[in-house]
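K.L.:
This is the structure I have questions about; it appears just below.
Every number in this text was worked out from the coordinates using simple rules, so none of it is lab data. What you see is a predicted model; the values in this text were computed from it and never measured. Virtual Cβ from ideal backbone geometry, glycine too; neighbours counted across all protein chains shown.
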Amino acid sequence: MKDDADAIQRKQVIKRLYIACILCSCFLIVEVVGGLISGSLAVLSDAAHLFADLTSFAVAIAASYLASLPATAKHTYGLKRTESLAALFSMTSLAFVSIFLAYQAVQRLVKPPQEGVDGPLMSLIAGIGVVVNVILAFVLGEHHVHLPGGKFILELCFLLT
């Protein structure tokens, strides 16, 4: 009976993650194009952050699928630990993105770009970004839903948005 409830909850969480992937993918394109056109490192850094979120959601979906597979003779515990490895991958990828963005910011301080930043366009994209992040919080949020057997992946994804 508990396995049925876990399977139902897992499907609901996966559906939420798929919706989040679609939202992230659409807005990621907007941010990359808008960041390049406006010359804004802030918008491009948010795009990089959004890409890290997107990969985290995709890895969480894959890990959830693997964790739902039954135990075998080779994997007597099953593949439930993949959810923990997925969380580690998500945190590590976000750390690499942060290091790259810090490097880019220092480069801009040392050698400022020739053109200025298009402030109105940057502000418009940033405003839309706030709306998208609120929507993502509602899609993923609802009392911190957890994947059965992996208590922190969805929380991590929620915190990263």
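K.L.:
Taking the mean number of other Cβ atoms within 10 Å as a proxy for protection, how do you rank 39-49, 10-20 from highest to lowest?
P.N.:
39-49, 10-20
K.L.:
With a ≥ b ≥ c the root eigenvalues of the C-alpha gyration tensor of segment 3-57, is it rounded (a/c under 1.5), prolate (a/b larger than b/c) or oblate? It would help to have the intermediate numbers written out before the result.
P.N.:
Details: a/c = 6.60, a/b = 3.59, b/c = 1.84.
Cα axes put segment 3-57 in the prolate bin.
K.L.:
Compute the whole-percent fraction of alpha carbon pairs in segment 20-117 spaced more than 22 Å apart.
P.N.:
Considering segment 20-117, 45 percent of its Cα-Cα pairs are separated by more than 22 Å.
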